[in-house]
């Protein structure tokens with residue numbers, strides 16, 4: 001198999017993600033802000049997408065992000081890419097275009113409510129195994145279906161040294177399928193946000209495809225207004241940058257050169273992993 005530049009970068013990014021520490025959780029909920037505090041306190045937004053890919057809608061989402069040079073996090077379902085060549089091509093495109101892929105389980109089960117721990121283990125591990133087999137890279141980030149949390153899930157993630165990635169803003173567009181309601185929720189929350197926010201959307205839904213360009217348009221217009229009043233602008237946080245900012249100084253520059261990184265991969269592993 002020919003090793004391409006995007007495959008090398010994806011492999012390196014996995015090592016960087018594995019090196020980041022799991023944040024301290026708060027009583028039975030996931031910690032917020034979900035991606036930590038912004039370095040300078042400015043408003044930042046990270047785009048994340050759950051439940052995909054969907055060959056009918058995900059390409060449109062990727063087109064919108066590509067036009068704006070936005071790198072997002074895609075939490076994939078193993079069942080959606082298992083044996084589906086079109087879905088596998090979408091995963092390849094995500095990686096090629098600089099997005100981060102992550103595990104959202106195999107079948108989108110509530111791991112806290114499954115009757116046995118064995119069933120929870122299977123849905124969690126099968127999702128990871130399937131995504132890694134199709135993507136040919138390891139995945140480290142994980143998001144619980146429904147965002148639920150329990151002692152069982154805490155133990156499963158701790159045993160696997162996996163970091164759960166929650167969210168801060170959830171317009172629930174998957175439920176109401178209302179474009180205007182989705183746009184209003186996101187823009188209202190961003191207009192009064194005071195730091196970093198992780199936005200949860202779903203690339204499998206047509207409503208997301210329609211709302212996403214309008215949200216981005218509003219951000220442009222809002223930043224123009226803020227520029228005139230000399231207020232801090234809303235910054236779009238790139239997914240690879242989120243991983244890189246948590247690393248020891250010196251490794252970020254190393255990550256920037258994929259060719260050099262491939263040659264020194266063993267040294268990186270030894271330097272950042274326990």
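Any read-out appearing in this document is the output of simple, stated calculations on the displayed coordinates, not a laboratory observation. Note that the structure is a prediction, hence the values are computed from the model and not measured. Please note: Cβ atoms are built from the backbone with ideal geometry, for glycine as well, and neighbour counts cover all protein chains shown.
For a footprinting-style exposure proxy, rank 149, 235 by other Cβ within 10 Å, fewest first.
235, 149
Over the Cα atoms of the range 98-154, what is the Rg over Rh ratio if Rh follows Kirkwood?
That ratio is 0.98, to two decimals.
State, to one decimal in nm, how far the label point of residue 113 lies from the label point of residue 151, with both points 7 Å from Cα in the Cβ direction.
Result: 2.1 nm between the two label points.
With a 10 Å radius around each residue's Cβ, average the other Cβ atoms per peptide and rank 196-204, 33-41, highest first.
Packing order, densest peptide first, comes out as 196-204, 33-41.
Label-point separation (nm) for residue 214 and residue 184, each offset 7 Å from Cα along Cα-to-Cβ?
Going by the 7 Å Cα→Cβ label model, 1.0 nm.
Test of understanding: what is the full-extension gain from residue 229 to residue 37, defined as 0.36 nm times their sequence separation minus their Cα-Cα distance?
Separation in residues times 0.36 nm, less the Cα-Cα distance, equals 66.7 nm.
Find how many whole Å separate the alpha carbon centroid of the range 113-137 from the alpha carbon centroid of the range 220-246.
Cα centres, the range 220-246 to the range 113-137: 35 Å.
Please compute P(r) over all alpha-carbon pairs of the range 21-246, binned at 10 Å starting from zero, and give each bin as a whole-number percent.
Distribution as computed: 8, 33, 37, 18, 3, 0 percent.
Starting from the Cα-Cα distance between residue 97 and residue 241, subtract it from 0.36 nm times their residue separation and give me the gain in nm to one decimal.
Full extension from residue 97 to residue 241 adds 50.4 nm.
Give the peptides 56-65, 69-78 in descending order of average Cβ contacts within 10 Å, highest first.
69-78, 56-65
Going 7 Å from the Cα of residue 68 in the Cα-to-Cβ direction, what parts of the range 152-192 have a backbone nitrogen less than 19 Å from that spot?
167-174, 178-192
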